[in-house]
Amino acid sequence: MYQLMIVDDEPAPLDRLVSYVNLAGDDFHVMIKALGAEDALFYFQMAKPDLVITDIKMPVIDGLVLLEKMRAAGWDGYAAIVTGYDDFAYAQQAIRLNVFEYLLKPVFPEDIASLLKRAKELLDRDRAQIDKLRGEIRAELQREHTYQPEEGQIPSYITQSKDYIAKHYADPLTLAQVAKVVSVNPVYLSSRFTKYCGCTFLEYVTRYRIAKAKELLERTNLPIKEIAARVGYTDLAYFGRVFRRETGQTPSKYRTSVLSQMRIGHGETTCPRIYP
């Protein structure tokens, strides 16, 4: 059973919608019957519904602002509008707030039954995806529990991930892409990557690319723009910001400092560390 919030500033339409929901079956339970948006926001602090059905025109806070505040608070449920206002601007705002149904008053029991049926299909789909993800994570945890690496040894899927990054660091790389290659759930790979590598997946890829960029700056006369492209950055300005964040210098200053050390004979320059 899914939890439902109904919002209207008039008691009669509010009660009518509740009765229509009850007639539609037992897939949805009206957990919050809010008389206006302020009332809805008060109850929202204590309970998060799966579905919200709200009017638009209400005093103080209208229905669209209500949904905007809920979205801003991190709510990712489904929303539907039941209103007497056929206004294109309202409809545009509703679409932006991910409203999946926009009904004009008067509404009848069959309208609400149809709305709830569609909402249930969306929620069932989401629940199935979440259950699948949980199952995959449980399977990965069980696999790791069954196979305990020796001290200092990391799981093969971490080694494979590193090998893949080493071969494809110049290409666009995502966690989901690498997880697919090594046959591991992305969420699980993210947590294990941090555990065994001491940094996040994104941090590892960034450091690897910058280390490669330092090698090219030290050993070649390639233009910085080309070096950026060779290590996976198509935006030169962004590459410069990342390089400076990781090294404390711009690429050009780094190259100048390395060449200066070589000229005045202050010892050999060392290769940047490439993370194993």
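Any read-out appearing in this document is the output of simple, stated calculations on the displayed coordinates, not a laboratory observation. Not measured: the values here are computed from a predicted model. Cβ: placed from backbone, ideal geometry, glycine included. Neighbour counts: every protein chain shown.
Can you list the HN-Hα couplings for segment 229-246, worked out from phi with the Karplus curve (6.51, -1.76, 1.60; θ = phi - 60°), rounded to whole Hz and with x for Gly and Pro?
With coefficients 6.51, -1.76 and 1.60, one gets 5, 5, 9, x, 10, 8, 9, 5, 5, 5, 4, x, 5, 5, 4, 5, 4, 7 Hz.
How much net charge surrounds LYS120 when only other residues with a Cβ under 13 Å from its Cβ are counted (Lys, Arg +1; Asp, Glu -1)? Each step should come with its number before you reach the end.
Working: positive: LYS117, ARG118, ARG125, ARG127; negative: ASP26, ASP27, ASP50, GLU101, GLU121, ASP124, ASP126.
Within the 13 Å Cβ shell, the charges total -3.
Excluding residues fewer than 8 places away in the same chain, name every one of the lysines whose C-alpha is closer than 27 Å to that of LYS195.
Answer for LYS195, where 27 Å is the Cα cut-off: LYS132, LYS162, LYS167, LYS180, LYS212, LYS214, listed by chain and number.
Can you check what the net charge comes to around GLN249, using other residues whose Cβ is under 11 Å from the Cβ of GLN249 (Lys, Arg +1; Asp, Glu -1)?
In short, +4.
Non-local amide H neighbours of PHE28 (under 5 Å, H modeled in plane, Pro and chain starts lacking H): which ones?
Under 5 Å from the amide H of PHE28: TYR2.
Return a whole-number percent for the relative contact order of segment 156-264, with Cα pairs under 8 Å and 6 or more residues apart as the contact set.
Relative contact order comes out at 22 percent.
Using θ = phi - 60° and the Karplus form 6.51 cos²θ - 1.76 cosθ + 1.60, what ³J(HN,Hα) does each residue of segment 153-167 get, whole Hz, x for Gly and Pro?
9, 10, x, 4, 5, 6, 4, 4, 4, 5, 4, 5, 4, 4, 8
Cα convex hull of the chain: how many Å³ per residue?
About 190 Å³ per residue, rounded to a whole number.
Taking K and R as +1 and D and E as -1, what net charge do the other residues with C-beta under 13 Å from the C-beta of LEU14 add up to?
After counting each charged neighbour, the total is -3.
Express the relative contact order of the chain as a whole percentage, based on alpha carbon pairs under 8 Å and six or more residues apart in sequence.
11
Starting at the first residue of segment 107-112, write each ³J(HN,Hα) from the Karplus equation 6.51 cos²θ - 1.76 cosθ + 1.60 with θ = phi - 60°, in whole Hz, x for Gly and Pro.
In residue order, the calculated couplings are 10, 10, x, 5, 5, 5 Hz.
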